Amino acid sequence: ARAPILLDPSQGCGRSSLVTELCKGAAAMDADGLLIEVHPNPAEAWSDGQQQVDFDVFSRLPEMLAPFLRAVGRPL
C-alpha cells in the first residue's frame, strides 16, 4: 500500500494559466487528490490572486481530467 498523494498545482506553479495543465499531469500520474485555489474574481483576491482559478475554470476541470482519470483506471 502507498500513502495518498495530494498535489497543489496552484502553489506549485504560482500562475493560474498553468493550473489546469498541472492538474492533468497529476491525474495522469495517478495522484489521489488536488488542492486548487479558487476565487470568483482572482484579480480581487486578498492574496495569491495570480495563482487562483475562477469558478468557470474550476467547474470545467472534471471534464478536462476525465480522459486522464480513465487512463489510470480511476472512477469518474
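The values are calculated or read from the model by the stated rules, or taken from the named source; none is laboratory data. Treat the numbers as computed from the prediction; the structure is a model and nothing was measured. In this analysis, Cβ positions are derived from the backbone assuming ideal geometry, glycine residues included, and neighbour counts consider all displayed protein chains. Surface areas here come from the heavy atoms of the whole protein model, side chains and all, with no ligands, DNA or RNA. Shrake-Rupley method; radii C 1.70, N 1.55, O 1.52, S 1.80 Å.
Have a look at Glu37, Glu44 and point out the one that is out of contact with any strand residue (DSSP E or B) (no Cβ under 8 Å at 6 or more places or on another chain) and among the charged types (D, E, K, R). Give the steps one after another, and end with the answer.
Working: Glu37 fails: out of contact with any strand residue (DSSP E or B) (no Cβ under 8 Å at 6 or more places or on another chain).
Result: Glu44 is the single residue among Glu37, Glu44 that is out of contact with any strand residue (DSSP E or B) (no Cβ under 8 Å at 6 or more places or on another chain) and among the charged types (D, E, K, R).
When the stretch 30-39 is examined, which residues are found to be surrounded by fewer than 15 Cβ atoms within 10 Å (Cβ to Cβ) and among the charged types (D, E, K, R)? Working first, answer last.
Kept after step one, since they are surrounded by fewer than 15 Cβ atoms within 10 Å (Cβ to Cβ), are these residues of the stretch 30-39: 30, 32-33, 35.
Listed by number, the residues that qualify are Asp30, Asp32.
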(request) Mind listing just one residue for me: the one in the stretch 56-71 that is among the small types (Gly, Ala, Ser) and within 13 Å of the chain's Cα centre (by Cα) and, of those, nearest to Val38 (Cα to Cα)? (result) Ser59
(request) Restricting attention to the stretch 16-54, report how many residues are farther than 23 Å from Pro67 by Cβ and over 9 Å from the mean Cα position of the chain (by Cα). (result) 14
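Sort out which residues of the stretch 11-39 are closer than 22 Å to Leu76 by Cα and small (Gly, Ala, Ser), and write them in order of number.
Let us first name the residues in the stretch 11-39 that are closer than 22 Å to Leu76 by Cα, namely 19-38.
Scanning the stretch 11-39 gives Gly25, Ala26, Ala27, Ala28, Ala31, Gly33.
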(request) Being touching a helix residue (DSSP H, G or I) at 6+ places or on another chain (Cβ under 9 Å) and open to solvent by 50 Å² or more (accessible area, probe 1.4 Å) is the filter; apply it to the stretch 40-57 and report the residue that is farthest from Val72 (Cα to Cα). (result) Ala43
